[in-house]
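Here's the structure we're looking at; comments come further down.
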Amino acid sequence: MTADFLPQLTSDQVIAVVRAPEIPDPVALCAALRAGGIRWIEFTRTTPGLAAHLRKAVADDGHGIGAGTVMTGEQAEELIEAGAQYLVTPGCRPEVARVASAAGVPVVLGALTPTEVGTALDLGADAVKIFPAGAFGPGYLKDLAGPFPDLPIVASGGVTADNAAAFLAAGARAVCAGSKVVPPQVVAAGDWEEITRRARAFTDAVRAGAEKTEKTGG
């Protein structure tokens, strides 16, 4: 998947980041998100029993199923063994990058400053997660494009249906949809229809924003 990772992510544009105290049915959750137009799902280590959830989700449909908040090499090994299609870190984690590279699994390393971005690239990141993107706005991505013109950015943290298209227009390959799309309490309740509704609202807003940008020339 490593060779296809960035082109596919760039095409699909949205990753749903799931942080919930409980996931009653990870397969149903993935199906609900995909019904709403979101094909990439990042399960995070803040949810108990993450490895078991990954195994179930990947066994049903492995495309775009990843593990986030990965902090150590040991955690990376466990989650790759459980079937994670890619790993995401909250910051530059050299051991995670090393394990992912050895296993041939794509890794998205978290960064914010230009120094951290450079470190993430040196560690072999397939993409760099700019976090918290919402605190700095789409203009910050344009600033990073100066010294890093080909930087494969994933914008995360504070990205909403209202600003997601602006982050993509500013150069992000993809954006992360968080608790507005997958609220922890809604996930824990297993309200899959509501998850689909929220996912569809998000993807519709991204599409509408992109069309508006095209018409106005940016």
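The values are calculated or read from the model by the stated rules, or taken from the named source; none is laboratory data. Not measured: the values here are computed from a predicted model. Note that each Cβ is placed from the backbone with ideal geometry, even for glycine, and that neighbours are counted across all protein chains shown. Ligands, DNA and RNA are stripped out before the accessible areas are found, and what is left, the full protein with its side chains, is counted by its heavy atoms. Shrake-Rupley method; radii C 1.70, N 1.55, O 1.52, S 1.80 Å.
Brief remarks on what is shown
- Test: residue in the stretch 141-155 that is at pLDDT 95 or above and closer than 27 Å to residue 23 by Cα: yes
- Tabulated pairs, the stretch 143-167, first touching a residue at least 12 places away in the same chain (Cβ under 8 Å), second among the aromatic types (Phe, Trp, Tyr), C-beta under 8 angstrom, 6+ apart or interchain: 155/167; 156/131; 157/131; 159/167; 161/202; 164/202
- Some residue of the stretch 71-84 being over 16 Å from the mean Cα position of the chain (by Cα), within 15 Å of residue 41 (Cβ to Cβ) and surrounded by fewer than 16 Cβ atoms within 10 Å (Cβ to Cβ): no
- Only one of the listed residues (55, 19) is more than 26 Å from residue 210 (Cα to Cα) and touching a strand residue (DSSP E or B) at 6+ places or on another chain (Cβ under 6 Å). That residue is 19.
- In the stretch 93-130, residue nearest to residue 78 (Cα to Cα) [restricted to those that are part of a strand (DSSP E or B) and either open to solvent by 20 Å² or more (accessible area, probe 1.4 Å) or among the small types (Gly, Ala, Ser) (or both)]: 110
- Hits in the stretch 131-172 (condition: outside any loop (DSSP other than H, G, I, E, B), crowded, with 21+ Cβ neighbours inside 10 Å and touching a Ser or Thr at 6+ places or on another chain (Cβ under 7 Å)): 133, 165
For (1) closer than 18 Å to residue 104 by Cα; (2) at pLDDT 95 or above; (3) open to solvent by 10 Å² or more (accessible area, probe 1.4 Å), each residue gets a yes or a no:
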{"residue": "1", "(1), (2), (3)": "yes, no, yes"}
{"residue": "32", "(1), (2), (3)": "no, yes, no"}
{"residue": "40", "(1), (2), (3)": "no, yes, no"}
{"residue": "44", "(1), (2), (3)": "no, yes, no"}
{"residue": "53", "(1), (2), (3)": "no, yes, yes"}
{"residue": "56", "(1), (2), (3)": "no, yes, yes"}
{"residue": "61", "(1), (2), (3)": "no, no, yes"}
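- Exclusive hit being crowded, with 19+ Cβ neighbours inside 10 Å, over 13 Å from the mean Cα position of the chain (by Cα) and at pLDDT 95 or above, set 175, 187: 187
- Residue match in the stretch 107-121 (condition: under 26 Å from residue 91 (Cα atoms) and of a type in the set (D, E, K, R)): yes
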